[in-house]
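**Q** Below you'll find the structure I mean.
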Amino acid sequence: MTARVAIVGGGVTGLAAAYALRKAVPSRDRLAIMLLEAGPDLGGSLGTERADGFLIERGADSFLTTKPQGVALAREVGLGDQLLGMARRGVYGVRRGVLQPFPEGLMMMATPRLGPLARTRLLSARGKLRAAMDLVLPARKDAGDESLASFVRRRLGREVLDRLAEPMVASIHAGDAERLSVNSLLPQFVAHERDHGSVIRGLRKSAPAPRPTDPSLPRPFATFRGGMGSLAGALVERTPAVEHRLQTVATRLETTADDTFQIIDRGGGALAADAVLLTPPAFASADLLEGVAPALATALRAVPYASSAVVSLAFPEDACRRLDGTGFLVPRSEGLHLKACTWASAKFEGRAPPGHVLLRAFYGGTGEAAVLDRSDEDLVALALEELRPLMQIRGPAELTRVHRWPRAHPQYEVGHKARVAAIEAANAAVPGVFLAGSAYRGIGIPDCIEDAARAVERTLQLLQPQAVVAGALA
Ligand SMILES: Cc1cc2nc3c(=O)[nH]c(=O)nc-3n(C[C@H](O)[C@H](O)[C@H](O)COP(=O)(O)OP(=O)(O)OC[C@H]3O[C@@H](n4cnc5c(N)ncnc54)[C@H](O)[C@@H]3O)c2cc1C
């Protein structure tokens with residue numbers, strides 16, 4: 001008998017899950033794997049476009065190498081020699097319309113030594129003094145969750161929140177620091193306060209950031225010479241005998257009398273499966289599950305999402321300021337819609353032909369949804385208008401692209417861990433359905449790969465009693 005697993009969603013989580021399943025059970029006679037993807041191609045938030053010698057990332061541009069799962073999977077699928085480290089270091093912030101370097105060695109909100117904080121032009125003298133008070137202020141006793149903004153304000157003051165921490169968080173999560181959970185996103189800083197009474201002292205005393213398993217690896221971020229789309233391509237290539245159904249929107253899950261599942265798609269097609277691995281955004285998985293597991297659907301809908309747009313713009317090299325870093329982050333208080341700008345061609349080699357530069361401007365996020373109602377043309381015009389003074393841009397862009405990411409950024413808001421616990425509890429009542437992806441235990445690419453592996457292990461445990469996949473977990 002052939003066991004059947006249906007994976008819904010062909011982003012990195014779904015593709016990594018298919019790869020791990022096939023690796024565990026190589027025989028298609030023992031395990032049939034079907035992957036349903038709503039879009040016209042695979043990769044989800046990973047996608048690379050080439051035009052006029054430029055390499056343009058539609059979504060993610062790199063991944064952390066200090067978490068081992070991304071590099072390990074890349075090597076397994078034959079991309080080890082394609083790994084590419086950052087060509088430059090250094091991020092800028094903005095103060096009163098001028099780019100200023102971020103303090104050297106900044107870890108989200110603080111540095112272990114006071115020197116770089118004392119020297120930065122992003123903070124006023126008063127802001128610096130207030131940040132140093134972290135060393136003497138009493139630690140909070142209550143272990144409950146708290147917003148990231150409240151945590152940073154309490155420990156390091158408003159200016160550090162406004163100029164350093166909030167822009168960083170907004171750019172990574174497309175989120176609002178007043179709503180995001182410090183326990184979910186920065187638990188190590190909560191631990192610093194708890195264990196050392198101060199964030200700065202905790203940074204000094206804690207072990208250095210984990211190094212990649214292989215010291216020759218780029219750190220802390222890497223991409224691929226051919227762009228992040230390479231990972232999706234290699235995963236598909238190296239996962240034989242998986243049936244990929246593109247442009248297939250799964251709309252409803254049904255259970256059958258023999259405890260198996262039918263996935264109904266928008267076109268009315270039905271797919272039978274013994275186990276179902278759901279990797280779409282939580283709200284889309286909720287829609288699918290509404291009929292068979294309403295409590296789980298309700299729990300899933302409690303994870304909020306934000307939308308964003310990435311505007312890529314190319315210029316002749318001599319038409320803008322020298323790109324001596326990887327980009328800059330914009331505090332809300334600067335009054336711009338622009339959240340951040342990555343200097344893509346400075347950050348990684350091979351993103352622009354010689355003599356040209358490629359920039360990526362980020363728009364949207366929680367509280368900034370309205371800007372995304374603008375047409376592509378208007379978004380490009382806005383990006384040009386906002387970038388021009390900051391980057392001393394002269395002349396028009398020679399290439400533009402707008403990539404939109406509607407409801408693509410899960411928000412780990414205060415209480416996120418409790419929401420995930422509620423999802424897991426409700427999921428336990430629906431055997432055969434497994435959830436994985438960026439909504440739950442980490443939004444980074446390595447986190448998604450890890451979550452896929454975790455869901456695959458559970459799927460194999462369920463199927464283990466069926467002789468067909470026996471031994472897969474050995
Ligand atoms: C603009 C942007 C930039 C980012 N930058 C980085 C970065 O630099 N580094 C990093 O580590 N992370 C980054 N992230 C986060 C990271 O890319 C994502 O968390 C990760 O790729 C999510 O993968 P996933 O497979 O869980 O979800 P997705 O990539 O969202 O894939 C889910 C898939 O499910 C499909 N789907 C949805 N509903 C259905 C349905 N009903 N039926 C069938 N298919 C369905 C979707 O079409 C999609 O392809 C970024 C994210 C975005 C949006």
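**Q** Among the listed residues Ala143, Ala177, which satisfies the condition of being outside the structural domain of Pro406 (by TED's automatic domain parsing) and crowded, with 24+ Cβ neighbours inside 10 Å? Step through it out loud before you land on a result.
**A** Values: Ala143 fails: crowded, with 24+ Cβ neighbours inside 10 Å.
Going through Ala143, Ala177 in turn, the sole match is Ala177.
**Q** If we scan segment 343-359, do we find a residue that is β-branched (Val, Ile, Thr), within 16 Å of the ligand (Cβ to nearest atom) and modelled with pLDDT of 95 or more? Steps first, please.
**A** We begin by selecting, within segment 343-359, every residue β-branched (Val, Ile, Thr); these are 357.
Add one more test, that the residue is within 16 Å of the ligand (Cβ to nearest atom), and what stays is none.
Checking segment 343-359: not a single residue is β-branched (Val, Ile, Thr), within 16 Å of the ligand (Cβ to nearest atom) and modelled with pLDDT of 95 or more.
**Q** Oh, and also: Pull up segment 319-348, narrow it to residues that are touching a residue at least 60 places away in the same chain (Cβ under 8 Å), among the charged types (D, E, K, R) and in a loop (DSSP other than H, G, I, E, B), then point me to the one that is surrounded by the most Cβ atoms within 10 Å (Cβ to Cβ).
**A** Per the criteria, the residue is Lys339.
**Q** Test Ile443 against the stated conditions and say whether it is touching a residue at least 40 places away in the same chain (Cβ under 8 Å) and within 14 Å of the ligand (Cβ to nearest atom).
**A** Numbers: touching a residue at least 40 places away in the same chain (Cβ under 8 Å): yes; within 14 Å of the ligand (Cβ to nearest atom): yes.
The answer is yes for Ile443.
Rundown of residues vs (1) within 14 Å of the ligand (Cβ to nearest atom); (2) under 20 Å from the mean Cα position of the chain (by Cα), yes/no style:
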site: Ile264; (1), (2): yes, no
site: Ala282; (1), (2): yes, yes
site: Leu300; (1), (2): yes, yes
site: Pro316; (1), (2): no, no
site: Gly325; (1), (2): no, no
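**Q** Show me the strands (runs of 3 or more DSSP E) found entirely inside segment 1-116 where at least 3 residues are away from the ligand (no atom under 16 Å from the Cβ) and touching a residue at least 12 places away in the same chain (Cβ under 8 Å). Quick ask: steps written out before the conclusion?
**A** Values: elements: 3-8, 31-36, 48-51, 54-57, 83-85, 91-95, 98-101.
It comes to 91-95, 98-101.
**Q** Could you pull out the residue among Leu185, Leu246, Leu217 that is modelled with pLDDT under 95 and within 16 Å of the ligand (Cβ to nearest atom)?
**A** Details: Leu185 fails: modelled with pLDDT under 95; Leu246 fails: modelled with pLDDT under 95.
Unique residue meeting the criteria: Leu217.
**Q** Check segment 416-432 and report whether any residue there is in contact with a strand residue (DSSP E or B) (Cβ under 6 Å, 6 or more places away or on another chain), away from the ligand (no atom under 15 Å from the Cβ) and among the charged types (D, E, K, R).
**A** Scanning segment 416-432, I find no residue that is in contact with a strand residue (DSSP E or B) (Cβ under 6 Å, 6 or more places away or on another chain), away from the ligand (no atom under 15 Å from the Cβ) and among the charged types (D, E, K, R), so the answer is no.
**Q** Same structure again: So Tyr440 ticks every box in (1) buried (at least 22 other Cβ atoms within 10 Å of the Cβ); (2) outside any loop (DSSP other than H, G, I, E, B); (3) not assigned by TED's automatic domain parsing to the domain that holds Phe328 but one. Which box is left unticked?
**A** For Tyr440, the exception is condition (2).
**Q** So in segment 82-119, with the set limited to residues that are at pLDDT 95 or above and charged (D, E, K, R), which one is farthest from Val190 (Cα to Cα)?
**A** Residue satisfying both the conditions and the ranking: Arg96.
**Q** Here is a follow-up. Out of the residues in segment 234-252 meeting the condition of being aliphatic (A, V, I, L, M) and farther than 23 Å from Met1 by Cα, tell me which one is surrounded by the fewest Cβ atoms within 10 Å (Cβ to Cβ). Can you show your working first?
**A** So the first thing to find is which residues in segment 234-252 are aliphatic (A, V, I, L, M), and the list is 234-236, 241-242, 246, 249-250.
Those left that are additionally farther than 23 Å from Met1 by Cα: 234-236, 246, 249-250.
Details: Ala234: 21, Leu235: 27, Val236: 20, Leu246: 13, Val249: 16, Ala250: 25.
Looking at residues that are aliphatic (A, V, I, L, M) and farther than 23 Å from Met1 by Cα, I get Leu246.
**Q** Any chance you could count how many residues in segment 349-407 are hydrophobic (A, V, I, L, M, F, W, C) and part of a loop (DSSP other than H, G, I, E, B)? Even if it seems obvious, please write down each step before you answer.
**A** First, pick out the residues of segment 349-407 that are hydrophobic (A, V, I, L, M, F, W, C): 352, 357-359, 361-362, 369-372, 379-384, 387, 390-391, 393, 397, 399, 402, 405.
When the remaining residues are screened for being part of a loop (DSSP other than H, G, I, E, B), the result is 352, 393, 397.
Residues in segment 349-407 being hydrophobic (A, V, I, L, M, F, W, C) and part of a loop (DSSP other than H, G, I, E, B): 3 in total.
**Q** Looking at Glu166, Glu178, Glu193, Glu159, which one is among the acidic types (Asp, Glu), at pLDDT 95 or above and under 19 Å from the mean Cα position of the chain (by Cα)? I'd like the intermediate steps shown before the answer.
**A** Values: Glu178 fails: under 19 Å from the mean Cα position of the chain (by Cα); Glu193 fails: under 19 Å from the mean Cα position of the chain (by Cα); Glu159 fails: under 19 Å from the mean Cα position of the chain (by Cα).
Testing whether each residue is among the acidic types (Asp, Glu), at pLDDT 95 or above and under 19 Å from the mean Cα position of the chain (by Cα) leaves just Glu166.
**Q** When you look at Arg126, is it under 19 Å from Pro331 (Cα atoms) and surrounded by fewer than 16 Cβ atoms within 10 Å (Cβ to Cβ), yes or no?
**A** The answer is yes for Arg126.
**Q** A further question follows. So Val160 fits all but one of (1) closer than 23 Å to Gly90 by Cα; (2) buried (at least 19 other Cβ atoms within 10 Å of the Cβ); (3) out of contact with any strand residue (DSSP E or B) (no Cβ under 8 Å at 6 or more places or on another chain); what number is the exception?
**A** (3)
**Q** Please name all residue pairs, on different chains or six or more residues apart, with Cβ atoms under 9 Å, provided the first residue is in segment 134-159 and is farther than 13 Å from Phe189 by Cα and the second residue is surrounded by fewer than 16 Cβ atoms within 10 Å (Cβ to Cβ) and among the polar types (S, T, N, Q).
**A** Pairs found: Glu159/Ser124.
**Q** Under 25 Å from Ala222 (Cα atoms) and not aliphatic (A, V, I, L, M) - does that describe any residue in segment 384-402?
**A** Scanning segment 384-402, I find at least one residue that is under 25 Å from Ala222 (Cα atoms) and not aliphatic (A, V, I, L, M), so the answer is yes.
The values are calculated or read from the model by the stated rules, or taken from the named source; none is laboratory data. Predicted model only: the values in this text are computed from it and were never measured. When we count neighbours, we look across all protein chains shown, and the Cβ atoms used for this are built from the backbone with ideal geometry, even at glycine.
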